[in-house]
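What follows draws every value from the coordinates through simple rules; no lab data is involved. The structure presented is a predicted model; accordingly, all values stated were derived computationally and were not measured. Glycine gets a Cβ as well: all are built from the backbone with ideal geometry, and neighbour counts include every protein chain shown.
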Amino acid sequence: MTFCFVFALLFFHLPKAFAASSGTISCYYVIKDTVAPSVNVSSVASPGTAQIAVYFGASDGESGLKDTNPYLVEISTVADLGSVVSDSGWTSQPQHIFSSLKRNGRFYFRAKARDKADNIGSSAIYSWRAKPGAFQSKSAQGKPARTGPNSFGFVGDASWEWDVPVKSGSALTITAYIRYNSGYGGAATKPKLTLSGKGISPTSVFATASAENAWELRTLNAGTPSQNATLTLRAEGFSTSPAAEFYIDDINVSQ
């Protein structure tokens, strides 16, 4: 009796056995799994400041998911994930929490899974912002507020945005009081306010050294909007010191 072993790809069919004058030839063939697992992100959350949690699932109808550490999640600051900031490493858990991210930063991520044949499948790319590190600055809790009991408070590298509806044809001026604490660090770039949007040129103003532990009045002269629009006023800090905080109060829009 003669035996032959035939290795064939999926969907390539050969008869298992056939008769020949010299005897029976038995042919055996192997089907190779070339289909990657299906991966879907089920939910995303920001469980804490500077954290993003990714939850996902995967399935494989061919060889099945790899028995050991079949999952991976990777995260980036660029939309196509051309450069990866961090990844989970191959793990047994279909979830991962990324920590120590830039507060209020936008990140892009995808989940992956591999099967027993080492095919790797990927989810779509998703985006999410880490928590902004904003809080209500309450004078009753020893935090600074210029007028009234509260002001806007932020951790040192947070950013925050407000909508500013404006009309065309009238000069626009925005004033706000800004300050930062000693923990912000004198060498760090000072907090700034930026106004941007349709119908104006982006305009920014930074706090100065006078704003350390004292309220400083800053003015944005945005010119005359060329159209009715909703502009964006953004407060942004640049200190990564753990104790850094800055504050905004009494924003006034004049037009």
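Taking every pair of Cα atoms in the stretch 38-155, average 1/r, invert it to obtain the Kirkwood radius, and report Rg/Rh to two decimals.
Radius of gyration relative to Kirkwood radius: 1.18.
Over all alpha-carbon pairs of the chain, lay out the pair-distance distribution in 10 Å bins, whole %, shortest bin first.
Going from the shortest bin to the longest, the percentages are 7, 21, 20, 17, 12, 9, 5, 4, 3, 2, 0.
Relative to a virtual label point 7 Å from the Cα of Thr189 in the Cα→beta-carbon direction, which members of the stretch 102-135 show backbone nitrogen distances below 17 Å?
102-106
Taking 8 Å as the Cα distance limit and 6 or more residues as the minimum spacing, I'd like the relative contact order of the chain as a percentage.
Rounded, it is 16 percent for the chain.
Rounded to whole Hz and in sequence order, give me ³J(HN,Hα) for the stretch 206-219 from the Karplus expression 6.51 cos²θ - 1.76 cosθ + 1.60, θ = phi - 60°, writing x for Gly and Pro.
9, 5, 10, 4, 5, 8, 6, 6, 8, 6, 10, 7, 10, 10
Using each residue's phi in the stretch 179-190, evaluate 6.51 cos²θ - 1.76 cosθ + 1.60 at θ = phi - 60° and report the 3J(HN,Hα) Karplus result to the nearest Hz, with x for Gly and Pro.
So the Karplus estimates, Gly and Pro as x, are 8, 9, 8, 5, x, 5, x, x, 7, 6, 4, 5 Hz.
Sorted from fewest to most neighbouring beta carbons within 10 Å, what does the list Glu161, Glu236 look like?
Ascending number of Cβ neighbours within 10 Å: Glu161, Glu236.
Report ³J(HN,Hα) in whole Hz for each residue of the stretch 91-105, in order, from the Karplus equation J = 6.51 cos²θ - 1.76 cosθ + 1.60 where θ = phi - 60°; Gly and Pro get x.
In residue order, the calculated couplings are 9, 8, 9, x, 6, 7, 10, 8, 10, 6, 7, 5, 5, 6, x Hz.
So if each residue of separation counts as 0.36 nm, and I subtract the Cα-Cα distance between Ser168 and Lys116, what length gain in nm does that give?
12.4 nm
As a quick test, which of the pairs Lys131/Lys192; Lys131/Lys190; Lys112/Lys198; Lys32/Lys112 have an alpha carbon distance above 31 angstrom in this structure?
Lys112/Lys198
Taking every pair of alpha-carbon atoms in the stretch 162-255, what share in percent sits in each 5 Å bin, from 0 to the bin with the longest distance?
3, 14, 25, 20, 14, 11, 7, 4, 1
Which residues in the stretch 82-99 place their backbone N less than 11 Å from a point set 7 Å from the Cα of Ile125 along the Cα-to-Cβ direction?
82-84
Give me, ordered by chain and number, the residues 5 or more places off Ser239 or on other chains with an amide H under 5 Å from its own placed amide H.
Long-range HN contacts for Ser239: Asp157.
Evaluate the relative contact order of the stretch 134-254 (contact order divided by residue number), counting alpha-carbon pairs under 8 angstrom at least 6 apart; express in whole percent. Show your work: numbers first, answer last.
Numbers: 317 pairs, mean separation 49.1, N = 121.
Answer for the stretch 134-254 is 41 percent.
Length gain on complete extension for the stretch Ala79 to Ser182, per 0.36 nm per residue less the alpha carbon to alpha carbon distance?
Full-extension gain reported as 33.5 nm.
Arranged by the count of other C-beta atoms within 10 angstrom, fewest first, what order do Leu217, Leu195 take?
In order of increasing Cβ crowding within 10 Å: Leu217, Leu195.
At 7 Å along Cα-to-Cβ for each site, give me the label-to-label distance between Ser254 and Ser201 in nm.
Label-label distance for Ser254 and Ser201, simple model: 2.2 nm.
Multiplying the sequence separation of Thr175 and Thr208 by 0.36 nm and subtracting their Cα-Cα distance, what value in nm do you get?
Working: separation 33, 0.36 × 33 = 11.88 nm, distance 1.49 nm.
In short, 10.4 nm is gained.
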